[in-house]
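Here is the structure we will look at.
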Amino acid sequence: MAVYTHLGAEELAELIAAYDVGTLLSAKGIAEGVSNSNWLIETDGAGGDAPSRFILTMYERRIDLADLPYFLGLLDHLAGKGCPVPRTIHDRDGALFRTVSVGNGPEPAPKAVALIEFLPGVSPTRPSPQQARAVGETLARMHLASTDYAQSRTNTMDFAANRDTLERCPVEGLSAIDPDLPAMIGPARAAAALDLGNLPRAQIHADLFPDNVLMLGDTVTGLIDFYFACTGPMALDLATTHAAWCFDEAGGYRADLGNALVEGYGSVRELEPAERHLMPQIAKGAALRFVASRAEDWLDMPDDALVTRKNPMDFVARWRFYDESGAQVFA
């Protein structure tokens, strides 16, 4: 369960009282997610209105607190432009996030928390082409809406970072995961040499897996979990989403999903020739990002951890697909 830090009822009630959202009625830990603690919060609504729901997030790992103004401000910016993105709930002093002290020791650990708007919808487990097209359209609208966002953030998981991550992993450790895994260091080095500097840029989600999209039927009701968002090539975001959405549980490519996603994106924002030319290479680099992060997580995870390891070889297979067929996929 993704609640690494436990807050008591009194602590939660005191925290929610710092916001103009009403009195806390319930708080339930959310199992999804691997980096932060999350709770589904229900209050009686400010001013005694109908019950209201929010997501409370405590930032635990893989988050630089200096990046929180960028992440949370981006949510507000996109929501203000009509994108299906949850607003950040500001506290009574107007702050985007608060810091709370956790623990009973002489030096309690300070941790940042934010309250986020709850959006309706469920994440698709077996996406349809209609859903993939809607996601492509929404992603393109998000890109266009973000181009005038005043803040920026460097992509800390770009192709060079992926290369460095794999190179840090001991070869014997990679081989223990799968004998073919060490061979991916070479492609990661090649991807790191790819120049994307002249491609159109915006604020990108960078992690738009199906579980980060909420839908009601074929309508996107929410893009969530922006904690890998950064300033980067829009084509990279499309490629990452393609790698995340367009393969079945057995690893086979779903051309119906891939075509619908790309067509949906293009119906809102047409790819430039330079982007389309590089898309096969970008998609290979996007797949390597998850090869690297999953390999690192696998090797860092204690043997007794109650977390299911994600196999990096799933994305090695996607890299191989793009290597062999990417030119046809993005033609």
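The Rg/Rh ratio for the range 141-211, using Cα coordinates for both the radius of gyration and the Kirkwood hydrodynamic radius, is 1.09. Here the alpha carbons of the range 225-331 define both size measures, Rg and Dmax, at 14.9, 49 Å. Using θ = phi - 60° in the Karplus curve 6.51 cos²θ - 1.76 cosθ + 1.60, the 3J(HN,Hα) couplings for the range 12-18 round to 5, 5, 5, 5, 5, 5, 6 Hz; x is entered for Gly and Pro. Here's how it looks for C230: its modeled amide H is under 5 Å from those of I204, which are all 5 or more places away or on a different chain. For K81, the aspartates and glutamates whose Cα falls under 13 Å of its own Cα, not counting residues fewer than eight places away in the same chain, are D148. For the range 278-331, the alpha-carbon coordinates run over 46, 14, 11 Å along the three principal axes, in decreasing order.
Efficiency by 1/(1 + (r/R0)^6): what FRET value for K28 and N259, r their Cβ-Cβ distance, R0 = 41 Å, to the nearest 0.05? Before the final figure, lay out the partial values.
Values: r = 39 Å, r/R0 = 0.95.
E(calc), rounded to 0.05, equals 0.55.
Between Q328 and E14, residue separation times 0.36 nm minus the direct Cα-Cα distance comes to 107.4 nm. Amide H contacts under 5 Å for V85: L223, restricted to partners 5 or more places along the chain or on a different chain, H placed in the peptide plane at 1.01 Å from N.
Close amide H contacts of S26 (hydrogens built in the peptide plane, cut-off under 5 Å, sequence separation of 5 or more or a different chain): E42.
Ranked from largest, the principal axis spans of the Cα set of the range 95-184 equal 55, 47, 31 Å.
How do the peptides 315-324, 174-183, 136-145 rank, highest first, by the average count of neighbouring beta carbon atoms within 10 Å per residue? Walk me through the numbers on the way to the answer.
On the way: 315-324: 19.9, 174-183: 15.4, 136-145: 22.4.
Ranked by mean Cβ neighbours within 10 Å, highest first: 136-145, 315-324, 174-183.
Just to verify a number: FRET efficiency for R276 and R87, C-beta to C-beta distance, R0 = 30 Å, to 0.05?
Details: r = 34 Å, r/R0 = 1.15.
My answer for the efficiency is 0.30.
Label separation (A66 vs L194): 2.9 nm, computed from points 7 Å beyond Cα along the C-beta direction.
In plain terms, the chain from F118 to T154 could stretch by 10.2 nm, reckoned as 0.36 nm per residue minus the Cα-Cα distance.
Read-outs: derived from the displayed coordinates by stated rules, not from any lab. Being a predicted model, the structure only gives us computed values, none of them experimental. Neighbour counts run over all protein chains shown; Cβ positions are idealised from the backbone, glycine included.
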